[in-house]
Every structure is written in C-alpha cells, then in structure tokens.
Amino acid sequence: MKFKKNILCIGAGYVGGPTMAMIASKCPDYRVTVVDINPERINAWNSHELPVYEPGLDKIIKKTRGKNLFFSNNIEKAITENDIIFVSVHTPTKTFGEGAGKAPDLQYWEKTARQILENSKSSKIVIEKSTLPVKTAAAMEKILAPAKGKIKFEVLSNPEFLAEGTAINDLENPDRVLIGSRDTKNGLKARQELVNIYSRWVPKEKIITTNIWSSELSKLVSNAFLAQRVSSINSISALCEKTEADVSEVAKAVGMDSRIGSKFLQAGIGFGGSCFKKDILHLAYLCEYYGLPEVAAYWESVVKMNEYQQQRFIMNILSSMFNTLAGKKICVFGFAFKANTGDTRESPAIYITRKLLAEQALVTISDPKALKNALLDLSDIEENVKYEEDPYKAAAGCHAIAILTDWNIYKNLDFRKIYKSMIKPAFLFDGRNIVDHAKCFKIGFNVYPIGKPAMSHFKTSEKDNSNSR
Ligand code: UDX
Ligand code: UDX
C-alpha cells in the first residue's frame with residue numbers, strides 16, 4: 001500500500017510509543033515508524049510484552065503494528081525516509097556541571113538534532129514532543145541551520161499532556177492539542193501538516209496554535225500548576241492533622257467552588273512521576289537564568305513542600321510505632337508513583353522505602369505492576385527487603401502496612417483477614433487516604449491517614465506523639 005505521509009518518532013518511551021500508536025490508529029493512510037537508541041525497548045515494542053503498561057494500549061498496538069505502525073532500530077535510515085519527525089527523547093535534570101540538580105540535561109536532545117541533520121536528504125518538519133525549556137526550538141534551528149543545498153527544517157512545538165495510566169483516553173479525548181510554530185510562510189505550512197493529523201479525531205476548537213515559545217512554556221506551566229495544587233493541599237493536610245480538621249472535607253468544600261475545581265486536590269504522600277519535579281526545577285532554573293530569583297523561589301517551594309510531605313509521613317510512622325522501627329516488619333502496598341502504571345520514576349515509595357530501611361525495618365514490597373521496576377530502583381540494596389505481589393501474603397506477619405499507591409485493589413481488600421495475619425498492635429498508614437478508616441479501626445488497626453485525625457487504640461493521646469517532632 002502506498003501511504004499518504006511518512007511519520008517518524010525518535011524515542012520509544014512512555015510518551016512516544018502510545019502517542020504514535022494513537023496517530024497510527026487514527027490515520028491508517030499514514031505510515032508511522034518509531035525508533036529508539038535502546039534496542040531492547042524496540043524489541044519489547046515488537047513483542048507480546050510491551051515495555052510500558054498502559055490500560056488499552058495493547059489493543060491499539062495489535063490493531064496497527066505491522067500495518068502502518070513499525071518499531072525499528074535503524075534510526076539513520078528512518079530519518080532519511082521520513083519527512084515529519086517527532087522527537088520524544090528524555091530530558092532529565094542535569095546531574096553534573098553548571099545547573100546540576102536543576103537545569104535540564106539536553107545532551108540527548110542535541111545529539112538527536114545532529115543525527116537528524118546528518119541523515120536528511122530532503123526538507124523536514126521536526127516536532128518537539130518532549131518537555132523542554134523555552135527557546136530550545138531556537139537552539140534546534142541553529143543546529144539544523146548548516147543543512148546542505150535546498151534542505152530546510154521547520155521546528156514545531158507540540159507538547160504532550162497525557163498522564164500515565166490514562167494515556168490512551170488522554171490521547172483519544174484530549175482537553176486540547178497545542179501546536180507552536182514560527183509565524184512565517186513555511187512555519188504556518190508545517191503547522192498545518194500537524195493540524196491535519198490531529199483533526200482526524202480531535203475537534204477543531206480543541207486544536208490551539210500559538211507561537212513556539214508560548215507552546216514550550218505552556219507545557220512547563222501546566223505541570224507546575226498541577227504539582228502546585230498537590231503541594232497546596234498537602235501543606236493543608238499537615239495543618240489538618242494539627243487542628244482536627246479533615247483534609248478530604250476541606251478539599252471537597254474548596255473544590256466545589258467552580259473557580260477552583262475539584263481535580264488534583266487529593267492529599268497524599270506527595271507527587272511522583274517523571275515530569276513534575278523535573279519540570280518545576282526547569283521552570284525555576286529558567287527564572288533564575290532570566291534574573292527572576294523571587295519567581296524561581298516561588299516555584300521551588302512546590303518541590304520543597306513535596307519533599308516535606310514524604311518526610312512527614314516517615315516521621316509519623318516512626319513516632320507512632322514508639323520511635324523505633326529496628327527489626328519491625330513493614331509491608332508497603334504500592335510502589336508505582338500512582339495507580340494504573342508500572343512506572344516508578346520519582347515515586348515517593350522509593351524515598352519512603354529507603355528511609356524505612358535506614359531505620360532498620362524489614363520491608364516487604366507489594367505492587368500489581370511495578371515490582372520489576374522496584375527491584376531496579378533498589379538494586380543496590382540486598383538485605384531486609386522482599387518483593388511479593390500478593391498483598392495478603394505480603395502483609396502476613398508484619399507489624400505495619402503503609403499504603404503508598406492508590407491502586408483500586410487496595411480499597412477492597414479483606415482487611416479483617418489481613419489484620420488476623422499481622423503482629424499486634426497492627427498499624428495502618430494510609431498514605432493515599434483510600435481505605436475505609438473507621439472500618440479498619442473497628443477491625444483493630446491503629447489507623448493513620450493523611451490530613452485527618454489518627455485513630456488509635458492506645459491510651460496515650462496521639463497529639464502528644466505527633467507534637468514530639
Ligand atoms: C517523554 C519526554 O522525553 C519528556 O521530556 C517528557 O517530559 C515526558 O515524555 P518519556 O517518554 O516518559 O518522556 O521518557 P522515556 O520513557 O525515558 O523515553 C525516552 C526514550 O528515548 C527512551 O526509550 C530512550 O532510549 C530514547 N532515547 C533517548 C533515544 O532514542 N535517543 C536518545 O538519544 C536518547
Ligand atoms: C503528568 C501530567 O498530568 C501530564 O499532563 C503531563 O504531560 C505529564 O505529567 P503523570 O506524571 O503521568 O502526568 O501523572 P499525574 O496523574 O499528573 O500524577 C502525578 C503525581 O501526582 C502522582 O504521583 C499522583 O499520585 C500525584 N497526585 C495527583 C496526588 O498526589 N494528588 C492528586 O490529587 C493528583
């Protein structure tokens with residue numbers, strides 16, 4: 001079959017894979033190729049066991065793979081053959097040199113741009129899918145400028161707003177699709193190519209076009225605002241625990257104000273995931289770079305509050321369990337950074353588990369999808385940690401359970417059965433506020449939610465305990 005257009009995506013990760021699968025499924029007359037420097041990733045995309053777990057993804061892959069969706073290791077050839085190239089390689093926080101710990105590490109990005117330049121025999125549209133600092137497109141244009149002869153590159157920004165766990169729905173029914181371009185004849189022509197792809201399934205009014213810099217910045221700001229809401233409600237959860245207010249009640253009352261809205265007001269152990277922390281730090285670094293230290297400090301505080309929330313959770317466990325965890329068995333329910341994904345990047349569970357181990361607790365980790373990644377995250381630790389997918393087996397013989405991921409399965413467990421199998425007094429630390437606290441208390445657990453009064457069977461007042469910090 002002759003295809004109308006050939007599209008390429010460089011970077012077969014959590015974003016590149018699902019996004020290209022959706023485009024292939026909605027545009028059967030387009031040939032979509034996905035490449036990656038990691039051959040194992042590509043092999044996995046070509047196998048039965050996809051490299052990312054995402055509800056609904058396997059169905060779309062089955063429908064398109066081998067028909068108009070192809071995963072390949074041959075990056076050079078793919079660049080030569082395709083005229084529309086999405087770039088979705090990761091941009092982690094720099095760990096070295098100037099800006100270490102804050103600035104984005106753009107080496108993969110630049111390497112990819114150079115690879116595109118070297119292997120192009122015709123003009124191409126290059127689309128930034130990754131989240132990037134404002135003005136990256138300008139750097140990209142400079143790298144691509146030495147192109148030979150009539151070859152021209154047009155750089156567009158088309159940031160991805162999908163969230164893991166709901167990626168397929170987010171791609172199919174996006175709140176908006178954002179396309180940033182240059183306001184030149186060629187820029188607008190390239191933009192139209194991209195509009196043509198999305199308008200196959202996205203209503204016209206949801207496809208918004210802006211200048212490149214607004215588009216790049218909007219992605220960072222969207223994530224910063226979302227993370228800020230989580231940090232805001234988490235800051236209030238600390239106050240609730242001191243004042244006997246209930247953070248869920250406060251969140252509901254506040255969120256019902258239509259100007260505020262109800263989403264992203266769920267208090268917990270803090271946000272994780274590959275984007276929020278990195279993007280806020282990038283935003284803050286950008287502000288510093290442009291001589292706006294107050295603005296940088298404002299956004300950095302969102303990350304600080306997130307760290308504080310995780311520390312608070314650990315301190316709560318420690319003080320409630322008589323200030324010692326040494327030799328105590330603690331079962332961790334959930335290691336993924338949120339429900340419905342096996343991804344553990346920046347998961348609060350990593351920090352919390354390490355802290356528990358540092359207190360010499362014996363930790364059993366349970367998770368329906370993330371155990372493989374958990375093992376990698378803790379690969380330097382050989383002792384005192386076990387992995388068990390079955391939550392009942394994992395909790396048996398433990399002193400405490402800490403719920404760290406909001407998986408649905410943890411809401412409906414038989415907590416009576418679990419309580420019976422545990423060492424008494426049994427503790428339940430609900431880091432996601434997902435179980436029925438009153439019911440678990442009745443069963444016999446000492447229950448410690450986030451941002452709500454603790455329910456303990458001990459005579460000493462919890463207030464004394466929590467004020468001991
Ligand atoms: C992407 C974006 O890159 C990130 O900036 C954005 O904030 C979220 O979406 P994600 O898809 O989650 O990140 O990252 P990851 O799963 O790590 O995928 C990136 C892929 O690019 C990896 O498979 C990696 O092997 C590949 N890669 C990296 C290349 O193909 N070439 C490189 O030079 C570097
Ligand atoms: C995020 C953005 O939502 C998405 O638009 C962007 O493109 C990539 O980054 P993702 O990282 O997949 O997506 O997860 P998200 O659903 O935003 O959750 C991030 C973290 O916040 C999770 O750890 C989650 O548990 C936490 N969270 C979220 C809360 O603690 N409370 C809430 O109310 C909502």
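The values are calculated or read from the model by the stated rules, or taken from the named source; none is laboratory data. These numbers come from a predicted model, not from an experiment. Using ideal geometry, Cβ is built from the backbone for each residue, glycine included, and neighbour counts are taken over all protein chains shown. Just the protein is used for accessible areas: all its heavy atoms, side chains included, with ligands, DNA and RNA removed. Shrake-Rupley method; radii C 1.70, N 1.55, O 1.52, S 1.80 Å.
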Looking only at the range 87-144, count how many residues are in a loop (DSSP other than H, G, I, E, B), surrounded by fewer than 17 Cβ atoms within 10 Å (Cβ to Cβ) and near ligand 1 (Cβ under 10 Å from one of its atoms).
1
Odd one out for residue 165 among (1) within 16 Å of ligand 1 (Cβ to nearest atom); (2) touching a strand residue (DSSP E or B) at 6+ places or on another chain (Cβ under 7 Å); (3) not in a strand (DSSP E or B)
(2)
Specify the residue that is farthest from ligand 1 (Cβ to nearest atom); the eligible residues are those in the range 255-281 that are buried (at least 16 other Cβ atoms within 10 Å of the Cβ) and free of Cβ contacts under 8 Å to residues at least 40 places away in the same chain.
255
Within the range 407-419, work out how many residues are surrounded by 21 or more Cβ atoms within 10 Å (Cβ to Cβ) and either assigned to a helix (DSSP H, G or I) or not aromatic (Phe, Trp, Tyr) (or both).
3
Would you pick out the residues in the range 196-209 that are buried (at least 18 other Cβ atoms within 10 Å of the Cβ) and part of a helix (DSSP H, G or I)?
197, 198
Go through (1) among the basic types (Lys, Arg); (2) within 16 Å of ligand 1 (Cβ to nearest atom); (3) open to solvent by 50 Å² or more (accessible area, probe 1.4 Å); (4) under 28 Å from residue 80 (Cβ atoms) for residue 150 and report which single condition fails.
(2)
Selection status of residue 33, closer than 25 Å to residue 111 by Cα and touching a Ser or Thr at 6+ places or on another chain (Cβ under 8 Å):
yes
Among 32, 89, the single one that is of a type in the set (Val, Ile, Thr) and within 16 Å of ligand 2 (Cβ to nearest atom) is 89
Within the range 213-224, can one find any residue that is open to solvent by less than 40 Å² (accessible area, probe 1.4 Å) and free of Cβ contacts under 8 Å to residues at least 40 places away in the same chain?
no
Does the range 441-453 contain any residue that is open to solvent by 40 Å² or more (accessible area, probe 1.4 Å) and in contact with a Cys (Cβ under 9 Å, 6 or more places away or on another chain)?
yes
If you go through the range 220-264 one residue at a time, how many are of a type in the set (D, E, K, R) and outside any helix (DSSP H, G or I)?
5
Is it true that residue 73 is modelled with pLDDT of 95 or more, open to solvent by 40 Å² or more (accessible area, probe 1.4 Å) and touching a helix residue (DSSP H, G or I) at 6+ places or on another chain (Cβ under 6 Å)?
yes
Set 315, 321, 305: member being touching a residue at least 60 places away in the same chain (Cβ under 8 Å), over 21 Å from the mean Cα position of the chain (by Cα) and more than 28 Å from residue 393 (Cβ to Cβ)
315
Which one of 200, 176 is within 16 Å of ligand 2 (Cβ to nearest atom), touching a helix residue (DSSP H, G or I) at 6+ places or on another chain (Cβ under 6 Å) and within 29 Å of residue 341 (Cα to Cα)?
176
Under the condition of being more than 16 Å from ligand 1 (Cβ to nearest atom) and among the hydrophobic types (A, V, I, L, M, F, W, C), which residue from the range 168-193 is farthest from residue 274 (Cα to Cα)?
188
Checklist (1) surrounded by 18 or more Cβ atoms within 10 Å (Cβ to Cβ); (2) within 16 Å of ligand 2 (Cβ to nearest atom) applied to residue 42, failing item
(2)
Would the range 169-182 turn up any residue that is surrounded by 17 or more Cβ atoms within 10 Å (Cβ to Cβ), within 22 Å of the chain's Cα centre (by Cα) and in contact (Cβ under 8 Å) with a residue 40 or more places away in the chain?
yes
One residue is enough: does the range 420-432 have a residue meeting the conditions touching a residue at least 24 places away in the same chain (Cβ under 8 Å), buried (at least 21 other Cβ atoms within 10 Å of the Cβ), assigned to a loop (DSSP other than H, G, I, E, B) and out of contact with any Cys (no Cβ under 9 Å at 6 or more places or on another chain)?
yes
Out of the residues in the range 45-77 meeting the condition of being farther than 18 Å from residue 167 by Cα and touching a Pro at 6+ places or on another chain (Cβ under 7 Å), tell me which one is farthest from ligand 2 (Cβ to nearest atom).
73
Has the range 154-164 got at least one residue that is buried (at least 21 other Cβ atoms within 10 Å of the Cβ), closer than 19 Å to residue 36 by Cα and of a type in the set (Val, Ile, Thr)?
no
